[in-house]
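Below is one structure, written out as structure tokens; the observations come after it.
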Amino acid sequence: MNTPKRRSTDTPGSDLQDANTLLRTVIDENPNIILMKDWDGKFLLGNRALAKLYGTTPEQLVGKDDGDFNPNAEQVAFYLQNVRAVMSQGQTQVVMEESTDAATGDTLYYQSIKIPLTTTQGDKQILVIANDVSELKRLQLKLEESERRLSYVLDATGEGIWDWDIRTGIVTHNRRWCQIAGLNDDYLQHPLDEFAALLHADDKPQVMARLQDCLAGKGRYQSEHRMRLKGHQEVWVLDRGDVVERGADGQPLRMVGSFVDISERKAAEVLLSEHSAQLDAIFALSPDGFVAFDRRHQVKYVSPALTTLTGLQANDVIGLDEQAFSQKLAGLCLPEARFQGLAGLRNVALAGLDKDAHQIIELNESPGAAAGHRVLKVSLRESQEQSISQILALRDISHETAVDRMKSEFLSTAAHELRTPMSGIYGFAEVLLTEELSETERKEFLEIIYRQSKLMTSILNELLDLARIEALQGKDFVFEAVPVQGLIEDVVRGLKLTDGRAPPTLALPAQPVFMWADHKKAQMALLNVLSNAYKYSAADKPVHIAVQTQPGEVILCVADQGVGMRPDQAVRVGERFFRVDSSGKVAGTGLGMSIVKEIMALHYGRVDIGSAPGQGTTVTLTFPAGSTATQIT
């Protein structure tokens, strides 16, 4: 992370003030109650959540205690006693507490983390962070009441009921219990050991442990487990119960419970789990990002690809409403391609302007993008599912966008390159048709028209070669073990040298060397490189071809002593229509090295360029080595 540079006007005091302001904001905006007290229970600090509970402000809390706000004297006394105990013990504690809402008088429940502190002067203080669990507590109380009512209902509905006399060890059942367990209807009583014998071996330890916990007063008994039936069959049951009678010494005397067949539910859970696993696998493998919203239009699920595409982490967005999520996504976009929000996409769909309501956005930061900004197509789909209201899909179209842009740029450049010779042809032809010229002038103009026509033909031919190579993607390549020495000799023989130019000097291995390549395409690549070496070097400067071998590779090096290139020019070699000499003095189309790079890529080879102004250029073509056992006759 980059550390912001200190402004010249900043001072340590202002930094401390900014830090304190930020800390105070974080504390006040925290939904949990945060407070600090001294040994006497006086508030040293309190946030807005505490102030709201007590119907005051954070500033009014300081210097006062709970008794100034809480009418429940018993609670106030407990608070003071408890915080002093924690401060004395010097250990962090987590406790459940009750408090009274000053405005409504309602009892609220909190899970409080209490951290004892000691100042440099030795004064004892305490930091308390209290999480409101009132709703959870109310649900727990309702659940306990529901379970009591359920036990009464089960007695009347004929579901499996059991009654365990702990003193005798005998368990009594109703007939429905026997039916679920696959036993005769008259098997209404048996020792607990016979019940244990019916349990599946993998589930038995867990069931017996839970029963013991309930007997020890550690809560109600509840277990989902398998029971073995006759014929090697199994049944899943939900078994629940509680101790209903204890002796004067607290020892359990009687326990009752209910017993219900949940085999169908368990089978459905297995199917649901498999279905969920399949969906998770699909989402994990899908390159598209998905965001599902629940019926409250809050983010419920995000696929792994969303993080890959946007950098947004699931934990940062799950639970956000659609407006907050839209703002987060929009904040990642370039201003000119900013996300308009889910509401905007929904309005487009409702207006019937586009059945496939979508928007193209461009991210300012593109994690994992090879180059440039990531471009995404964002689509919205309404859902009729009970738990899902809408799904936002994000597809990476950076490549398609880049290809379209490249096509447009290519067409524009190609049109410009063709227009130059065409303008010359048109202009000089017009002069020939309309002007009275001498024979010398006519010949000069016709030679210009011939040269421009030849240049245009070269451009068109190389454009066709390039288009053919890109379209076929190597499907027309005939790969074979090509003898390198023979390939180079063919290229040198086919090279058209101007008068006075010497053929290239060769440094070839004494033993035959083979490379795995398409003979014609490899010859085209080498010829293009060799032609450039001659074009950009003086007539008296030699051109050299050398062959090197490495494990699995054959390397062809073409070196000249020509004008050379600057680093910024060398990196552009292979761009379409790029020429080192833009003056037009050196003939060429600027497409030759583009063809070379395409050919080498389809050979799974490399093109490397070393160059320096005034010192010449060395172009290295690296091909996969061919098997010397595959001889070409």
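The values are calculated or read from the model by the stated rules, or taken from the named source; none is laboratory data. Predicted model only: the values in this text are computed from it and were never measured. Backbone-built Cβ (ideal geometry, glycine too); neighbour counts: all protein chains shown. These area figures cover heavy atoms from the full protein model, side chains too; ligands, DNA and RNA do not enter into them. Shrake-Rupley method; radii C 1.70, N 1.55, O 1.52, S 1.80 Å.
Things worth noting here:
- Contact annotation: residue pairs with Cβ atoms under 7 Å, 6 or more positions apart or on different chains, pairing a residue in region 439-451 that is closer than 11 Å to Phe428 by Cα with a partner that is surrounded by 11 or more Cβ atoms within 10 Å (Cβ to Cβ) and aromatic (Phe, Trp, Tyr), are Phe445/Phe428; Ile448/Phe428; Ile449/Phe428.
- Taking first residues from region 110-131 that are of a type in the set (Phe, Trp, Tyr) and partners that are open to solvent by 40 Å² or more (accessible area, probe 1.4 Å), the Cβ contacts under 8 Å between residues at least 6 apart in sequence or on separate chains come to Tyr110/Met96; Tyr110/Glu98; Tyr110/Asn131; Tyr110/Asp132.
Yes/no per residue for (1) open to solvent by less than 70 Å² (accessible area, probe 1.4 Å); (2) out of contact with any Lys or Arg (no Cβ under 7 Å at 6 or more places or on another chain); (3) over 17 Å from Arg606 (Cα atoms):
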site: Asp476; (1), (2), (3): yes, yes, yes
site: Glu480; (1), (2), (3): yes, yes, yes
site: Pro483; (1), (2), (3): yes, yes, yes
site: Ile488; (1), (2), (3): yes, yes, yes
site: Ala522; (1), (2), (3): yes, yes, no
site: Val529; (1), (2), (3): yes, yes, no
site: Tyr534; (1), (2), (3): yes, no, yes
site: Asp540; (1), (2), (3): no, yes, yes
site: Leu556; (1), (2), (3): yes, yes, no
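- Restricting attention to region 188-205, the residues that are in a strand (DSSP E or B) and within 51 Å of the chain's Cα centre (by Cα) total 1.
- Filter result (modelled with pLDDT under 90 and surrounded by fewer than 11 Cβ atoms within 10 Å (Cβ to Cβ)) within region 244-271: Glu264, Val270, Leu271
- Restricting attention to region 316-333, the residues that are open to solvent by 20 Å² or more (accessible area, probe 1.4 Å) and of a type in the set (A, V, I, L, M, F, W, C) total 4.
- Those residues of region 174-184 which are surrounded by fewer than 18 Cβ atoms within 10 Å (Cβ to Cβ) and part of a loop (DSSP other than H, G, I, E, B), in sequence order: Gly182, Asn184
Rundown of residues vs (1) touching a Phe, Trp or Tyr at 6+ places or on another chain (Cβ under 8 Å); (2) outside any strand (DSSP E or B), yes/no style:
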| position | (1), (2) |
| --- | --- |
| Gly231 | no, yes |
| Glu245 | no, no |
| Gly250 | no, yes |
| Lys266 | yes, yes |
| Leu272 | no, yes |
| Gln278 | no, yes |
| Asn347 | no, yes |
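- Gly41 being open to solvent by less than 20 Å² (accessible area, probe 1.4 Å) and not in a helix (DSSP H, G or I): yes
- Subset of region 190-204 [farther than 17 Å from Glu234 by Cβ and open to solvent by 60 Å² or more (accessible area, probe 1.4 Å)]: Asp193, Glu194
- Contact map, region 197-225: residues that are within 17 Å of Phe259 (Cα to Cα) paired with residues that are assigned to a loop (DSSP other than H, G, I, E, B) and among the acidic types (Asp, Glu), Cβ distance under 7 Å, separation 6+ or inter-chain. Pairs shown: His225/Asp203.
- Region 285-299: number of residues that are buried (at least 16 other Cβ atoms within 10 Å of the Cβ), assigned to a loop (DSSP other than H, G, I, E, B) and within 11 Å of the chain's Cα centre (by Cα): 1
- Only a single criterion out of (1) more than 20 Å from Leu192 (Cβ to Cβ); (2) among the aliphatic types (A, V, I, L, M); (3) more than 43 Å from the chain's Cα centre (by Cα) is not satisfied by Leu253, namely (1).
- Boolean, Thr104 is open to solvent by less than 70 Å² (accessible area, probe 1.4 Å) and at pLDDT below 85: no
For (1) within 30 Å of Leu306 (Cα to Cα); (2) of a type in the set (D, E, K, R); (3) not in a strand (DSSP E or B), each residue gets a yes or a no:
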{"site": "Arg167", "(1), (2), (3)": "no, yes, yes"}
{"site": "Val171", "(1), (2), (3)": "no, no, no"}
{"site": "Asp186", "(1), (2), (3)": "no, yes, yes"}
{"site": "Val207", "(1), (2), (3)": "no, no, yes"}
{"site": "Asp213", "(1), (2), (3)": "no, yes, yes"}
{"site": "Phe259", "(1), (2), (3)": "no, no, no"}
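- Here Asn82 meets each of (1) in a helix (DSSP H, G or I); (2) open to solvent by 50 Å² or more (accessible area, probe 1.4 Å) with one exception, condition (2).
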